[in-house]
Amino acid sequence: MKNIKITIITGLSGSGKSTAINAFEDAGFFCMDNLPIILLPKFLELKAETNSEITKIALVMDLREKEFLQRYSEIFRELKDGGYLFEILFLEASTEVLIRRYSQTRRKHPLSKEKSLLEGIQAEREALKELREIADLIIDTSNYNVHELKEIILNHALKTTLTKRMKIYLLSFGYKYGIPRDADLVIDVRFLPNPYFVQELKNLDGTSPQVKKYMNRWKETHAFLKKYLALLNYLIPLYEKEGKSSLTIAAGCTAGTHRSVCIADIIFEELKKKTNFVTLTHRDIELDKS
C-alpha cells in the first residue's frame, strides 16, 4: 500500500478544490472530499488490509474539518516517515477574486459565521500559512476559469502517476493477416533476411534458438536493433511525460512467424530491463502453420 500515490488537495476556500478533485477523479484516482484528518492513517491501513487495487488517492482536506489545523502536521509527517508517496497540492487565489466568487455563488465562507467575508478570507489565509509553506505545489487560480484549472490539474495528476506506470504492449504480427488496429508504433522488419527460405528453419518460428541464431548472423539485424532501441529509449519517456497510459509497439513481417517474432522477443528483453510494465504477444505465430 505504501507504493500508492497520495495527493492531499488543500488551500483557501473558493480557490477551486472541487474542480481539482474532479480532475483527479478523471485521472483515475480514488477520490474523497473532507475526510477527517485523524481517520487518514486508519483509512490507509484498511485499504492495505483489503488488498485493494487502488494505486492513487486524492483527498480534499481543509479547515472545514475541526481537527485539521491541529493534527495535519503530525499526521502528514508520520505518513512521510512511514514511506508513503505523499504530496500536498495547495490552491489559493487573490482576496478580490475570492470575494467575487463567493458573491457569485452566494455560499458561506467557513470562517465568516461571526465575521465578514473579507475577515473570514484573511483569517483562513493566516491559519493556512504554515501548511502553504510545506506544500509540494502551489497553484494560484485567480486567472483561471473552471475549464482551464481542470486541465492544469489533470495534466499534473497524469504526469505524476501515469508517467511512472505507462504500460507497454509489444506484439509481433504478419502483414498478410493485417496490421494491428490498436498499434501506436509499427515497424516493418521485412527488410531482414527471411529464415522461411532456409529449409531447416522453415517450420520453426522466431522463438526457437535456431532461428534466433540465424537472425543474429546478419549485420542488418544488429544495426537495426541498435537504432530502433535507441529510438524507443528516446520516445518512451516522452510519451510518459505527456501522460500516455499505454503504448502498443508492433513488429511485422510477412507471416508473423519468424523475423517479427524474433525481433519482438529481443525488444521485449531489452525493455524489461527498464520497466516491469511490458507484455509480449505473438499474434500470428500459429496461423501460418495451419
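The values are calculated or read from the model by the stated rules, or taken from the named source; none is laboratory data. As the structure is a computational prediction, the values presented were derived from the model and not from experiment. Using ideal geometry, Cβ is built from the backbone for each residue, glycine included, and neighbour counts are taken over all protein chains shown. These area figures cover heavy atoms from the full protein model, side chains too; ligands, DNA and RNA do not enter into them. Shrake-Rupley method; radii C 1.70, N 1.55, O 1.52, S 1.80 Å.
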State whether the residues of region 167-184 include one that is assigned to a helix (DSSP H, G or I), open to solvent by 30 Å² or more (accessible area, probe 1.4 Å), charged (D, E, K, R) and closer than 25 Å to THR55 by Cα. no
Looking only at region 17-34, which residues are open to solvent by 20 Å² or more (accessible area, probe 1.4 Å) and part of a loop (DSSP other than H, G, I, E, B)? GLY28, ASN34
For region 36-62, give me each residue that is open to solvent by less than 70 Å² (accessible area, probe 1.4 Å), modelled with pLDDT under 90 and in a loop (DSSP other than H, G, I, E, B). SER52, ILE54, THR55
If I filter region 185-203 down to residues being in a loop (DSSP other than H, G, I, E, B) and touching a helix residue (DSSP H, G or I) at 6+ places or on another chain (Cβ under 6 Å), which single residue comes out as nearest to ILE249 (Cα to Cα)? VAL189
Could you check region 73-107 and list, in sequence order, the residues that are over 17 Å from ILE38 (Cβ atoms), among the small types (Gly, Ala, Ser) and touching a residue at least 40 places away in the same chain (Cβ under 8 Å)? GLY83, ALA93, SER94
Take region 249-289 and flag every residue that is modelled with pLDDT under 95, in a strand (DSSP E or B) and either open to solvent by less than 10 Å² (accessible area, probe 1.4 Å) or within 25 Å of ASP26 (Cα to Cα) (or both). VAL278
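Do we have LEU79 as modelled with pLDDT of 95 or more and within 25 Å of the chain's Cα centre (by Cα) here?
The answer is no for LEU79.
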Got a sec? Which of VAL211, VAL198 is out of contact with any Asp or Glu (no Cβ under 8 Å at 6 or more places or on another chain) and more than 30 Å from LEU158 (Cα to Cα)? VAL198
Flagged in region 134-148 as open to solvent by 70 Å² or more (accessible area, probe 1.4 Å), in a loop (DSSP other than H, G, I, E, B) and under 17 Å from THR7 (Cα atoms), in numbering order, are ASP136
Every listed condition ((1) assigned to a helix (DSSP H, G or I); (2) at pLDDT below 95; (3) open to solvent by less than 50 Å² (accessible area, probe 1.4 Å)) holds for GLY206 save (1)
How many residues does region 92-133 contain that are of a type outside the set (Lys, Arg), open to solvent by 80 Å² or more (accessible area, probe 1.4 Å) and within 20 Å of SER73 (Cα to Cα)? 3
